[in-house]
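See structure below.
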Amino acid sequence: NTVVVLMLGVAKPALCFFSPTAPANAQIVHSGAACNVNDDNISERIYTIKEGYTLVLQCIVKGHPRPQVRWTKTAGSASDKFQETSIYNETLRIEGIQRVQGGRYYCKADNGVGVAAIKSIRVDVQYLDTPVLTVHQTISDVRGSYYQEKTVFLRCTVNSNPPARFIWKRGNILIEQSKDNGVDIYEPLYTQGETKVLKLKNLRPKDFADYTCQVSVRNVCNIEDKSVTFRLTNATTPPMIRLSVNDTVVVVDPGQDVLLNCEIMAGFPAPTVTWSRYPGPLPLSAQVRGPMLFLRAVTPADAGFYNCSAVNNVGNPARKNVNLIVRSKCTFLRITPDSNKDSETIQMGRDLKLSCHVDATPQDKVNYSWYKNSAPVFNSESLIILRSDPDMAPGTSSLEIIDMKFRDLATYSCMANFPGSRVPELRVDVNISQNVSPPVLSVPPGGQVVSVQEGGNTELVCLVVDGKPRPPVLWSRAEKDLLMPGGRSVTETPDGRLRMRNVSRDMMGVYRCQTAPYNGLNIKRREAQVQLNVQYPPILDPVFQDLRSRNYQMVTLRCAVLRSNPPRLTDIRWFRNGEFIRIPMPDLKETPELQFKLEPRNNGSYECRVSNSIGMSTCTFNVSTKPYNAEFYFDTPNPVRIQKGNNYSYNLQWTQRDPEATDPIIGQQEQHVPVGEGKEPEKGVLMSHTISDLKIPLAYEVRLAPITTYCTGDYISRTIQYSEPYTYPRPSDHVCGFEDERICGFSQDRSDVFDWTRQNHLTQNPKRSANTGPETDRSGTKEGYYMYIEASRPRVQGDKARLLSPLFNVTSVRGPKGSGRVPYCVSFYYHMKGKHIGTLNVLLRVRSIASHTTVDSEVWTKSGHQGPDWKRALFDVSPSGPFQIVFEGIRGPSFEGDIAIDDVSITIGKCKQENTVASAGKTGKSFKGWEM
């Protein structure tokens, strides 16, 4: 490779006055692994990228004051609402882009003056998944026949963008429907082009074979074809399974081992068995061994619906599920004083209710028994047992003591058991006496505020110092919507001590402690609060800043303290390249600041180290008079061949990042050619330099660096590789069928509203509007391409799209029989099907060599529905100079208005009139035209 080093040019200083201007000429440039960029329509470019690649978009703007850049995204062309989080910098970078991240990206530049500048680019993420092939078969009696028809459907489904092309093979032989009456290939309705079905009618011996479904996106973005193969035999059958348990509900005790076996009863090929659980995934302790699922020592957390699925891609998957219920042991008791008197203490002559609840699964399988001083309790006038208390949670048993007497002071026991279970009988006792009293909650002295360093351990204490019986203590965050460190809203502590480990600053705040409403008096909760104070080193801004400046200018470095706990700072020190800078001790109450004159000797890395009693944090500044890098513009056209010799030239384009940040950028006058001499770089404005006398087919590495009086900036480089440009044709007998991506040198008019689109049947949007647009190209093949306008949203009535032919140079100034102009025949096919068809115009655009202006004149037009077939139009033009043919499509009143053109030719001489019908179109012009 030859190395060419280019320097940025000389710019003389100038004194001028600036007035605020709104941001203008916003551009989106791109880099990364792009497959293709359709740049024909400047209002919306399409950036095609392969899934998993890195997307890099950069917004180049100019304006004064300097605009702020904001990136936003919409989900697709049909959505106008901004989604995702905005990004506030000039470069948007997405590593490993995924298909859901495709859509339209907007770059918005605003400086508060006038209207913001907005530019958009649509990112189209291409992908191709491995196809899934399933087999379905039917056996049914056919009326009037003495045999059974066995029909098999092979269904191939794939996710892809763009839509994939399907190929079916039997063995290694391509299956063509037209050559085999025993097969039928079709696309089911509502599958959006993602599914192809191969139907085998009345199976024949040769139909038992290996079938391959191959999918392709025609190597876009270098995505290779993918395929899947299935062997069809006379033994092919869908799966059948059964579970080792007979009931759909299985109740087990905690700690018990559970074995579930999903037995395969039938299926060929051999089915694959998988286990899943709802809700949530399988427990971590679960062991899957083929069709068997083993759960060791189950807990209540392991309960749920366990599903067994068997799949062999034949028919529908076989599924069985079982509801696993694990019995639990949690038991509590509530004491409710006379609720009618709003009492919080036990008093003689009042009513009292004892409520016993087992948090069990299943709840309705629990049996309760009540005992008084170990003797069974039976219903009486003073003691009433409620098997299911309507005032309490379901599955609660209550014992009501009516008009309590001294004889009712005793020890009461609630016994709960699970019939048929190994879970032991549960028992809870309570001694009812006149000593039963409400609890008193208290925070120990000095415990109202607890301080701890970040990363340490601590304990919040809230004690029940009085009351009988003593309930547990519940902890929660006082601030709404904040969760406890364990991720729950409430944490229970039996002794009132909340232990916290590895404390972080997000745990800081007020914590509420409350008495639990169970295992104690069922009264109004007692509560208190504890403040957790987490101490941490100062949080500074910026953590890192790259600062560029001119020489001998005053530079101010500020290290803002955003937060600090404790807030009092203990020390502030400044360092340059690791060495302490001896300056007067800064005021610890002010923002740390260092001010100095930047000179060549004091460039380097500066650190501001700020400390409090907990630790130290650092702001780092890279201070330099070195200019920022230049940035290549990657939309530069291909290298251009120079006709003299085997040489070519290249127009190098770039932008200079923040050219005013440092000393003026100058050129290098030695062996290198200065670039941009006499023009000072402006932020966001493209600079260019043509490199000539490059040899074909050599490649060149171009290195570019900005230079100031102080130093040379860092080099950036790119490689120039010559590629043969498209040669614009002279008018000839060549017919353009738009089969090549370069579309014969045609281009989109950048002054119109939207674009013509190149497509064929295989690349059509499967969701496109029905009853409009062609199914094939003019020749009737699905692989052939054509150009068309899409009339669906966001297009509105009257929107125009213009397609420009190459510029044809008129070299002869004399026509036949001494006429002053040479005639040309324009021929093309058009398709205008749909009840909302607008207008197709053909314009003759002639360039004036003297005034460098262009004049458009209408030479052909057609409006409205013209039937389902392609039709031909041809007419003569006699341009006065270099000319182009413009195809203008105008959108009609609604979406059924797609217009297409194909097989365009522009030839010297008048159109031949054989087998034609004279027509003047609908323009009333004096030209002669024909249609076929």
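Structure summary
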quantity: Count - residues of the range 159-177 that are among the β-branched types (V, I, T) and open to solvent by 40 Å² or more (accessible area, probe 1.4 Å); calculated: 2
quantity: Residue match in the range 259-274 (condition: modelled with pLDDT under 90 and either small (G, A, S) or exposed (fewer than 12 other Cβ atoms within 10 Å of the Cβ) (or both)); calculated: no
quantity: Any hit, the range 792-804, residues being under 30 Å from F166 (Cα atoms), open to solvent by 70 Å² or more (accessible area, probe 1.4 Å) and at pLDDT below 85; calculated: yes
quantity: R422 being open to solvent by 30 Å² or more (accessible area, probe 1.4 Å), at pLDDT below 90 and assigned to a loop (DSSP other than H, G, I, E, B); calculated: yes
quantity: The range 495-517, residues that are closer than 18 Å to S451 by Cβ and of a type in the set (V, I, T); calculated: V503, V510
quantity: Residues that are among the polar types (S, T, N, Q), within 15 Å of C156 (Cβ to Cβ) and open to solvent by less than 80 Å² (accessible area, probe 1.4 Å), drawn from the range 178-226; calculated: T191, T195, T212, Q214, S216
quantity: Matching residues in the range 715-748 - criterion: being open to solvent by 80 Å² or more (accessible area, probe 1.4 Å) and at pLDDT below 75; calculated: Q721, E724, Y726, T727, Y728, R730, D733, H734
quantity: I185 under 12 Å from S216 (Cα atoms), part of a strand (DSSP E or B) and not small (G, A, S); calculated: no
quantity: Tally, over the range 371-413, of residues that are open to solvent by 60 Å² or more (accessible area, probe 1.4 Å) and part of a helix (DSSP H, G or I); calculated: 2
quantity: Any strands (runs of 3 or more DSSP E) falling wholly within the range 219-320 and containing at least 3 residues that are within 30 Å of L203 (Cβ to Cβ); calculated: 226-231, 237-243, 258-268, 304-311
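For every residue, the table says whether it meets (1) modelled with pLDDT under 80; (2) open to solvent by less than 20 Å² (accessible area, probe 1.4 Å).
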position	(1), (2)
S605	no, no
R609	no, no
A630	no, yes
T655	yes, yes
G676	yes, no
L686	yes, no
L694	no, yes
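The values are calculated or read from the model by the stated rules, or taken from the named source; none is laboratory data. Computed from a prediction, not measured in an experiment: that's the story for all the values here. Positions of Cβ are generated from backbone atoms using ideal geometry, with glycine treated the same way; all protein chains shown enter the neighbour counts. Just the protein is used for accessible areas: all its heavy atoms, side chains included, with ligands, DNA and RNA removed. Shrake-Rupley method; radii C 1.70, N 1.55, O 1.52, S 1.80 Å.
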